[in-house]
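As structure tokens, the structure follows; a few thoughts come after it.
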Amino acid sequence: MTRLQTALEAIDTANAKDPKLDDGQPEALLYGQRMTEECNRLFPNASEALQIASRGQHIERWVLKRADYPEGRAGYLKWRRDLGVHHANRVGEIMAEAGYDEEDVTAAGAMLRKEGIKRNDQVQALEDIICFVFIKWYFAPFAAKHSPEKVLDIVVKTARKMSEDARARALAEFDLPEDLAAAFQAPAA
């Protein structure tokens, strides 16, 4: 077994313990598999660090509960930052155990903490993968639960995080209503 296979299997083993189910599977496990599918599709020549960061994007997400943080935007952002650090640390441990060097571990950690989005191609690639997974698998259920204004706000924020190439690809691949498509046509901030 290669070190990449070893790392991916270790992430899956951790994520298989997720108590929350999605479509009958542990939620984090299913999410990781979807992330790998999109990584392979969008970036067929992805580095091993990007492949591992994609699979580990939500590793043990249930460990840090949103309810343990204050209500409101500040509490939400703190929770998200703490999750990024947790994901990076766990994936780093797994990568080190699988035989990866510090450079690869550091690269994956930066991706998972979103350090250098819009400036680091690997970090941006992971963000593009995250956005495609959201649009493909989670957008419709989200939209069904929220007002059109909230949906538009989330689409605008999602498009803003994406690279120009990813926004163009999203427009080509998804049949979006005109108001939502406009968010992907606007230049990224």
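The values are calculated or read from the model by the stated rules, or taken from the named source; none is laboratory data. Note that this is a predicted model, so its numbers are computed, not measured. Cβ: placed from backbone, ideal geometry, glycine included. Neighbour counts: every protein chain shown. The protein model used for the area step is the full one, side chains on, heavy atoms only, and it has no ligands, DNA or RNA in it. Shrake-Rupley method; radii C 1.70, N 1.55, O 1.52, S 1.80 Å.
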Worksheet, complete the sentence: Charge tally for neighbours of S147 with beta carbon under 14 Å away, counting Lys, Arg as +1 and Asp, Glu as -1, is -1
Worksheet item: Which is farthest toward the positive dipole end of the chain among A143, C131, T13, measuring Cα position about the Cα centre, with Cβ charges +1 (Lys, Arg) and -1 (Asp, Glu)?
Response: A143
Practice prompt. May I ask you to list the trypsin sites (Lys or Arg not before Pro) in region 124-178 that are in a DSSP loop and have at most 14 other Cβ atoms within 10 Å of their Cβ?
Written response: none
Item to complete: Among A16, A88, A144, determine the one that fluctuates most according to a GNM of the chain built with springs between C-alpha atoms less than 10 Å apart.
Response: A144
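For the chain, with only Lys/Arg (+1) and Asp/Glu (-1) charged at the beta-carbon, what is the dipole magnitude about the Cα centre, in debye rounded to 20? Don't skip to the answer; put the middle values down first.
Working: 26 positive and 31 negative charges, 134 e Å.
About 640 debye.
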Worksheet item: Can you give the FRET efficiency for H146 and T13, using 1/(1 + (r/R0)^6), R0 = 41 Å, r = Cβ-Cβ distance, to the nearest 0.05?
Response: 0.75
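Quote the relative contact order of the chain in percent (integer), defining contacts as alpha-carbon pairs under 8 Å separated by 6+ residues.
Reported relative contact order: 17 percent.
Which of K118/K145; K17/K161; K78/K118; K17/K157; K78/K157; K17/K150 have a Cα-Cα distance over 28 Å? Let's see the in-between values first.
Details: K118/K145 30 Å; K17/K161 30 Å; K78/K118 21 Å; K17/K157 31 Å; K78/K157 18 Å; K17/K150 32 Å.
Listed pairs above 28 Å: K118/K145; K17/K161; K17/K157; K17/K150.
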Worksheet item: Given H placed 1.01 Å from N in the peptide plane, which residues other than close sequence neighbours of D22 have an amide H under 5 Å from its amide H?
Response: E27
Worksheet item: When Rg and Dmax of the Cα atoms in Å is calculated directly from the model, which label among (i) 15.7, 48; (ii) 17.0, 64; (iii) 16.5, 49 fits?
Response: (iii)
Item to complete: Would you mind pulling out the separation of the Cα centroids of region 19-69 and region 113-189, in Å?
Response: 17 Å
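Solvent-accessible area per residue for the chain at a 1.4 Å probe radius, Å²?
On the way: 10210 Å² over 189 residues.
Value returned for the chain: 54 Å² of accessible area per residue.
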Fill in: Low-density loop cleavage sites - trypsin sites (Lys or Arg not before Pro) in region 41-105, where at most 13 other Cβ are within 10 Å (DSSP)
K65
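Helix-derived [θ] at 222 nm for the chain: sum -39500 (n - 2.57) over DSSP H runs of at least 4, divide by residue count, nearest 500?
Details: 10 runs with 127 residues, N = 189.
About -21000 deg cm²/dmol.
Tell me the carbon and sulfur percent of the accessible area for the chain, rounded to whole percent, probe radius 1.4 Å. Intermediate values should be presented prior to the final figure.
Numbers: 5430 of 10210 Å².
Carbon and sulfur together cover 53 percent of it.
Taking 25 Å as R0, compute the FRET efficiency from the Cβ-Cβ separation of D179 and R80 and round it to 0.05.
According to the calculation, E is roughly 0.40.
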Fill in: Rounded to 10°, Cα long-axis angle of helix 72-98 versus longest principal axis of the chain
40 degrees
